[in-house]
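Engineer: Below is the structure I would like to discuss, written out as C-alpha cells.
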Amino acid sequence: MPTKFKKDGLEWVGGGGPFGRGNKTAVKKKYYIKNTPKQELLDYINNDNGKPKVKQKCRNELTRRGVKLIKVPQSETTQDFLGRLK
C-alpha cells in the first residue's frame, strides 16, 4: 500500500443547481504522499508542530524525487547561510 501523508477525508461534489438545490455526492479523498506538492512537503518539514514520523516520510519522498535538503541551524538567517555558500 502506498505511503499516506494524512488521513483520508470526504469531499462533496456535484449538485448545487441554480438555487442551491441538488444532490451532492461524497467522494473519498485519499492523501498519498506521492501526490502531495513539493512545497507542501517542505512546509510540513519546517513546521515545528509536525510529527517526527511524518517529517521523515516527507524527507524520504523528497529524496525519492531528487530534491537535496540542506539543514540550516535556526539561529542563522537565510542570508547568512547563502553568504557562506559562496
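Engineer: Can you name the residue in the range 61-86 that is at pLDDT 90 or above and surrounded by 12 or more Cβ atoms within 10 Å (Cβ to Cβ) and, of all such residues, is farthest from LEU10 (Cα to Cα)? If you could, list the steps in order and put the result at the bottom.
Structural biologist: Taking the range 61-86 and keeping what is at pLDDT 90 or above, we get 61-69.
This time we only want the ones that are surrounded by 12 or more Cβ atoms within 10 Å (Cβ to Cβ), so: 61-62, 67.
Numbers: GLU61: 25, LEU62: 27, VAL67: 31 Å.
Filtering the range 61-86 for residues that are at pLDDT 90 or above and surrounded by 12 or more Cβ atoms within 10 Å (Cβ to Cβ), the one farthest from LEU10 (Cα to Cα) comes out as VAL67.
Yes or no, residue by residue, for (1) more than 29 Å from GLN74 (Cβ to Cβ); (2) at pLDDT below 95; (3) within 11 Å of the chain's Cα centre (by Cα); (4) loosely packed, with under 11 Cβ neighbours inside 10 Å:
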{"site": "MET1", "(1), (2), (3), (4)": "yes, yes, no, yes"}
{"site": "PHE5", "(1), (2), (3), (4)": "no, yes, yes, no"}
{"site": "GLY16", "(1), (2), (3), (4)": "yes, yes, no, no"}
{"site": "PHE19", "(1), (2), (3), (4)": "yes, yes, no, yes"}
{"site": "TYR32", "(1), (2), (3), (4)": "yes, no, yes, no"}
{"site": "ASN49", "(1), (2), (3), (4)": "no, yes, no, yes"}
{"site": "LYS55", "(1), (2), (3), (4)": "no, no, yes, no"}
{"site": "CYS58", "(1), (2), (3), (4)": "no, no, yes, no"}
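The values are calculated or read from the model by the stated rules, or taken from the named source; none is laboratory data. Bear in mind that the values here come from a model prediction, so they are computed numbers and not experimental data. All Cβ positions, glycine included, derive from the backbone under ideal geometry; neighbour counts span all protein chains shown.
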